[in-house]
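Below is one structure; the comments refer to it alone.
The values are calculated or read from the model by the stated rules, or taken from the named source; none is laboratory data. Keep in mind it's a predicted model, so treat the numbers as computed, not measured. As a convention, Cβ positions derive from the backbone with ideal geometry for all residues, glycine included, and neighbour counts pool all protein chains shown. These area figures cover heavy atoms from the full protein model, side chains too; ligands, DNA and RNA do not enter into them. Shrake-Rupley method; radii C 1.70, N 1.55, O 1.52, S 1.80 Å.
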Amino acid sequence: MRKSLNVIKIIVSIVICLFVVLPGNQSMRVDAATNSRSGILPTKEWKINFSKNVNSDYVNSKYIYAADEYGNPVDITLSVNPSNPKQVSVKPKLGQYVLGKTYILTISKDFCDENGNKIGQDYTMQFSIKKQLIDTADFKVQVYQGLGVAVVSINSTTSPDIKYYSVEGQDPNDGNVSLTDEAVIFGNLQAATVHFYDASGNEIGNCLINVQKASDSQVVQITNE
(Lines give C-alpha, C1' and ligand atoms only; values in the text may rest on other atoms or scores of the structure.)
Protein backbone atom coordinates (compact mmCIF):
# COMPACT_ATOMS: atom_id res chain seq x y z
CA MET A 1 0.00 0.00 0.00
CA ARG A 2 1.42 3.36 -0.97
CA LYS A 3 2.57 5.67 1.75
CA SER A 4 0.21 8.48 2.39
CA LEU A 5 1.71 11.84 1.71
CA ASN A 6 3.10 12.88 5.01
CA VAL A 7 5.93 13.57 2.55
CA ILE A 8 3.65 15.88 0.63
CA LYS A 9 2.92 18.65 3.09
CA ILE A 10 0.67 21.09 1.36
CA ILE A 11 1.35 24.75 1.67
CA VAL A 12 -0.91 27.20 -0.09
CA SER A 13 0.75 30.47 -1.00
CA ILE A 14 -1.90 33.14 -1.10
CA VAL A 15 -0.71 35.45 -3.82
CA ILE A 16 -2.28 38.55 -5.20
CA CYS A 17 -0.90 37.98 -8.66
CA LEU A 18 0.39 41.04 -10.40
CA PHE A 19 -1.60 40.33 -13.55
CA VAL A 20 -4.81 40.59 -11.54
CA VAL A 21 -3.70 41.60 -8.65
CA LEU A 22 -3.66 39.47 -4.94
CA PRO A 23 -2.52 41.47 -2.28
CA GLY A 24 0.80 40.53 -1.62
CA ASN A 25 2.42 37.37 -0.91
CA GLN A 26 1.72 35.34 2.23
CA SER A 27 1.53 31.60 2.94
CA MET A 28 -0.23 29.20 5.29
CA ARG A 29 -0.29 25.50 5.92
CA VAL A 30 -3.61 23.91 5.00
CA ASP A 31 -4.22 21.19 7.54
CA ALA A 32 -7.86 21.75 8.54
CA ALA A 33 -11.19 22.61 7.00
CA THR A 34 -11.47 25.71 9.20
CA ASN A 35 -8.79 27.69 7.33
CA SER A 36 -10.35 30.74 5.73
CA ARG A 37 -9.54 34.02 4.01
CA SER A 38 -11.71 37.07 3.38
CA GLY A 39 -11.57 40.18 1.23
CA ILE A 40 -10.43 38.24 -1.85
CA LEU A 41 -10.54 39.75 -5.33
CA PRO A 42 -12.94 38.02 -7.79
CA THR A 43 -10.02 37.45 -10.19
CA LYS A 44 -7.83 35.86 -7.51
CA GLU A 45 -5.31 33.22 -8.58
CA TRP A 46 -4.26 30.75 -5.91
CA LYS A 47 -0.83 29.09 -6.01
CA ILE A 48 -0.61 25.67 -4.34
CA ASN A 49 2.91 24.57 -3.44
CA PHE A 50 3.63 20.89 -2.80
CA SER A 51 6.80 19.42 -1.31
CA LYS A 52 7.10 16.93 -4.22
CA ASN A 53 6.69 17.22 -7.98
CA VAL A 54 3.03 16.72 -8.87
CA ASN A 55 1.59 14.19 -11.29
CA SER A 56 0.16 16.36 -14.09
CA ASP A 57 -2.47 13.70 -14.85
CA TYR A 58 -4.09 14.66 -11.53
CA VAL A 59 -4.15 18.39 -12.21
CA ASN A 60 -7.81 18.54 -13.17
CA SER A 61 -11.17 19.41 -11.62
CA LYS A 62 -11.67 15.88 -10.28
CA TYR A 63 -8.82 16.32 -7.78
CA ILE A 64 -8.62 20.10 -7.33
CA TYR A 65 -11.89 22.00 -7.44
CA ALA A 66 -13.78 25.03 -6.12
CA ALA A 67 -17.46 25.37 -5.23
CA ASP A 68 -19.73 27.91 -3.58
CA GLU A 69 -21.11 27.40 -0.07
CA TYR A 70 -24.05 25.44 -1.53
CA GLY A 71 -21.82 23.03 -3.45
CA ASN A 72 -22.31 24.57 -6.89
CA PRO A 73 -19.05 24.10 -8.84
CA VAL A 74 -16.95 27.02 -10.03
CA ASP A 75 -15.35 26.89 -13.47
CA ILE A 76 -11.58 27.16 -12.90
CA THR A 77 -8.40 26.76 -14.90
CA LEU A 78 -5.65 24.56 -13.44
CA SER A 79 -2.03 24.49 -14.56
CA VAL A 80 1.38 23.32 -13.38
CA ASN A 81 4.08 25.97 -13.21
CA PRO A 82 6.45 25.01 -16.08
CA SER A 83 9.45 26.24 -14.11
CA ASN A 84 8.34 24.67 -10.82
CA PRO A 85 6.64 21.23 -11.08
CA LYS A 86 5.77 21.41 -7.36
CA GLN A 87 3.38 24.33 -7.91
CA VAL A 88 -0.19 24.30 -9.23
CA SER A 89 -2.10 27.45 -10.20
CA VAL A 90 -5.86 27.74 -9.63
CA LYS A 91 -7.50 30.58 -11.55
CA PRO A 92 -11.23 31.28 -11.96
CA LYS A 93 -12.70 31.84 -15.37
CA LEU A 94 -14.15 35.31 -15.92
CA GLY A 95 -17.23 36.08 -13.84
CA GLN A 96 -17.16 32.89 -11.75
CA TYR A 97 -16.70 34.51 -8.34
CA VAL A 98 -19.52 36.79 -7.17
CA LEU A 99 -18.89 39.79 -4.92
CA GLY A 100 -19.65 39.04 -1.27
CA LYS A 101 -20.01 35.27 -1.78
CA THR A 102 -18.12 32.47 -0.02
CA TYR A 103 -16.30 29.60 -1.78
CA ILE A 104 -14.35 26.49 -0.83
CA LEU A 105 -11.20 25.27 -2.57
CA THR A 106 -10.60 21.52 -2.17
CA ILE A 107 -7.61 19.30 -2.89
CA SER A 108 -8.75 15.68 -2.99
CA LYS A 109 -7.19 13.00 -0.81
CA ASP A 110 -6.51 11.05 -4.03
CA PHE A 111 -4.25 13.71 -5.52
CA CYS A 112 -0.84 12.16 -6.31
CA ASP A 113 2.77 13.17 -6.66
CA GLU A 114 4.84 12.03 -9.64
CA ASN A 115 5.60 8.74 -7.87
CA GLY A 116 1.94 7.90 -7.34
CA ASN A 117 1.85 8.67 -3.61
CA LYS A 118 -1.55 9.95 -2.49
CA ILE A 119 -2.12 12.84 -0.10
CA GLY A 120 -4.39 10.61 1.98
CA GLN A 121 -6.84 13.28 3.17
CA ASP A 122 -8.81 16.17 1.72
CA TYR A 123 -7.46 19.67 2.21
CA THR A 124 -9.91 22.55 2.07
CA MET A 125 -9.78 26.32 2.35
CA GLN A 126 -12.75 28.65 2.61
CA PHE A 127 -12.52 32.15 1.18
CA SER A 128 -14.89 35.07 0.74
CA ILE A 129 -14.88 37.50 -2.17
CA LYS A 130 -14.73 41.21 -1.45
CA LYS A 131 -18.08 42.95 -1.13
CA GLN A 132 -16.81 45.85 -3.18
CA LEU A 133 -13.98 46.19 -5.69
CA ILE A 134 -12.89 49.69 -4.70
CA ASP A 135 -10.97 50.08 -1.45
CA THR A 136 -10.54 53.42 0.25
CA ALA A 137 -8.28 55.00 2.84
CA ASP A 138 -9.10 57.88 5.18
CA PHE A 139 -6.19 60.23 5.87
CA LYS A 140 -5.43 62.96 8.37
CA VAL A 141 -3.06 65.65 7.08
CA GLN A 142 -1.33 68.27 9.23
CA VAL A 143 0.48 71.06 7.35
CA TYR A 144 3.28 73.32 8.61
CA GLN A 145 3.77 75.59 5.62
CA GLY A 146 6.44 77.79 7.20
CA LEU A 147 8.60 74.71 7.69
CA GLY A 148 7.70 73.06 4.38
CA VAL A 149 6.50 70.01 6.26
CA ALA A 150 3.31 67.93 6.25
CA VAL A 151 2.48 65.06 8.61
CA VAL A 152 0.28 62.29 7.22
CA SER A 153 -1.49 59.55 9.17
CA ILE A 154 -4.18 56.99 8.27
CA ASN A 155 -7.47 57.04 10.17
CA SER A 156 -8.73 53.85 8.54
CA THR A 157 -8.76 51.72 5.38
CA THR A 158 -11.26 49.25 3.95
CA SER A 159 -8.52 46.81 2.86
CA PRO A 160 -7.53 44.19 5.49
CA ASP A 161 -4.38 43.40 3.50
CA ILE A 162 -2.77 46.82 3.98
CA LYS A 163 -0.24 46.77 6.82
CA TYR A 164 2.25 49.50 5.83
CA TYR A 165 2.45 52.62 3.70
CA SER A 166 4.92 55.20 2.42
CA VAL A 167 4.36 58.74 1.16
CA GLU A 168 6.12 60.61 -1.62
CA GLY A 169 8.44 63.20 -0.09
CA GLN A 170 9.18 61.38 3.16
CA ASP A 171 12.74 60.65 4.24
CA PRO A 172 13.74 57.45 2.35
CA ASN A 173 15.53 56.27 5.50
CA ASP A 174 12.15 56.03 7.23
CA GLY A 175 11.15 53.08 5.03
CA ASN A 176 7.59 51.76 5.12
CA VAL A 177 5.42 53.13 7.92
CA SER A 178 2.96 51.02 9.93
CA LEU A 179 -0.71 52.02 9.82
CA THR A 180 -0.54 53.33 13.39
CA ASP A 181 2.41 55.65 12.72
CA GLU A 182 2.78 59.03 11.02
CA ALA A 183 4.74 59.82 7.87
CA VAL A 184 6.55 63.16 7.70
CA ILE A 185 7.02 64.63 4.23
CA PHE A 186 9.06 67.61 3.10
CA GLY A 187 9.02 70.09 0.22
CA ASN A 188 5.75 72.08 0.24
CA LEU A 189 4.09 69.57 -2.10
CA GLN A 190 0.55 70.14 -3.33
CA ALA A 191 -0.18 66.45 -3.70
CA ALA A 192 1.68 63.27 -2.81
CA THR A 193 1.39 59.64 -3.89
CA VAL A 194 0.82 57.11 -1.10
CA HIS A 195 1.96 53.52 -1.64
CA PHE A 196 0.36 50.66 0.32
CA TYR A 197 2.05 47.37 1.26
CA ASP A 198 1.01 44.02 2.67
CA ALA A 199 2.63 42.25 5.63
CA SER A 200 5.43 40.92 3.40
CA GLY A 201 6.28 44.36 2.03
CA ASN A 202 4.72 43.82 -1.41
CA GLU A 203 3.06 46.89 -2.89
CA ILE A 204 -0.67 46.29 -3.36
CA GLY A 205 -2.01 49.73 -4.27
CA ASN A 206 -1.57 53.47 -4.27
CA CYS A 207 -3.49 56.74 -4.19
CA LEU A 208 -2.97 60.49 -4.46
CA ILE A 209 -3.69 62.78 -1.49
CA ASN A 210 -3.82 66.55 -1.07
CA VAL A 211 -1.05 67.68 1.29
CA GLN A 212 -1.37 71.41 0.64
CA LYS A 213 -3.93 72.02 3.35
CA ALA A 214 -4.74 70.44 6.68
CA SER A 215 -7.58 67.95 6.91
CA ASP A 216 -8.87 65.67 9.67
CA SER A 217 -10.53 63.36 7.15
CA GLN A 218 -9.61 62.91 3.50
CA VAL A 219 -11.11 59.77 1.95
CA VAL A 220 -9.56 58.60 -1.32
CA GLN A 221 -9.86 55.52 -3.54
CA ILE A 222 -6.98 53.03 -3.71
CA THR A 223 -5.93 51.72 -7.12
CA ASN A 224 -3.50 48.94 -8.08
CA GLU A 225 -2.40 50.51 -11.35
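Give the relative contact order (percent, whole number) for the stretch 80-225; include only Cα pairs under 8 Å separated by 6+ residues. Display every interim value, and only then the final one.
Values: 285 pairs, mean separation 29.5, N = 146.
Here the relative contact order equals 20 percent.
Quick one: with all protein chains in place, what share of the accessible area of the stretch 145-225 is carbon or sulfur, to the nearest percent (1.4 Å probe)?
Values: 2040 of 4470 Å².
That fraction is 46 percent.
From the phi angles alone, apply the Karplus equation (6.51, -1.76, 1.60; θ = phi - 60°) to the stretch 109-114 and give each ³J(HN,Hα) in whole Hz, x where the residue is Gly or Pro.
Each residue of the stretch 109-114 in turn: 4, 8, 5, 10, 7, 5 Hz.
Under 5 Å between amide hydrogens, which residues at least 5 positions from residue 76 or on another chain qualify, with H placed 1.01 Å from N in the peptide plane?
Excluding prolines and chain starts, which carry no amide H, the hits are 93.
If you roll a 1.4 Å probe over the heavy atoms of the protein chains, what accessible area per residue do you get for the stretch 100-195, in Å²? Write out the running numbers ahead of the final one.
Details: 4730 Å² over 96 residues.
Accessible surface, normalised per residue, equals 49 Å².
Which of rounded, prolate or oblate describes the stretch 108-199 when judged by the alpha-carbon gyration tensor and an a/c cut-off of 1.5? Numbers along the way, then the final one.
Values: a/c = 4.78, a/b = 2.88, b/c = 1.66.
Prolate is the answer for the stretch 108-199, as a/c is 1.5 or above and a/b outweighs b/c.
Given H placed 1.01 Å from N in the peptide plane, which residues other than close sequence neighbours of residue 139 have an amide H under 5 Å from its amide H?
When sequence neighbours closer than 5 places are left aside, the close amide H contacts are 155, 218, 219, 220.
How large is ³J(HN,Hα) for each residue in the stretch 189-201, as worked out from phi by the Karplus curve 6.51 cos²θ - 1.76 cosθ + 1.60 (θ = phi - 60°), to whole Hz, x for Gly and Pro?
Using θ = phi - 60°, the values come out as 6, 7, 9, 9, 7, 9, 10, 10, 10, 8, 5, 8, x Hz.
Just how large is the dipole of the stretch 35-179 about the Cα centre, in debye to the nearest 20, putting +1 at every Lys and Arg Cβ and -1 at every Asp and Glu Cβ?
Details: 15 positive and 15 negative charges, 61 e Å.
It comes to approximately 300 debye.
What is the distance in Å between the Cα centres of the stretch 105-164 and the stretch 173-225?
17 Å
What figure in square angstrom, to the nearest 10, would you give for the accessible area of residue 134 with a 1.4 Å probe?
Its heavy atoms expose roughly 80 Å² to the probe.
Report the charge-dipole magnitude of the stretch 156-225 in Debye, nearest 20, computed about the Cα centre from +1 at each Lys and Arg Cβ and -1 at each Asp and Glu Cβ.
On the way: 2 positive and 10 negative charges, 35 e Å.
Once rounded to the nearest 20, the dipole reads 160 debye.
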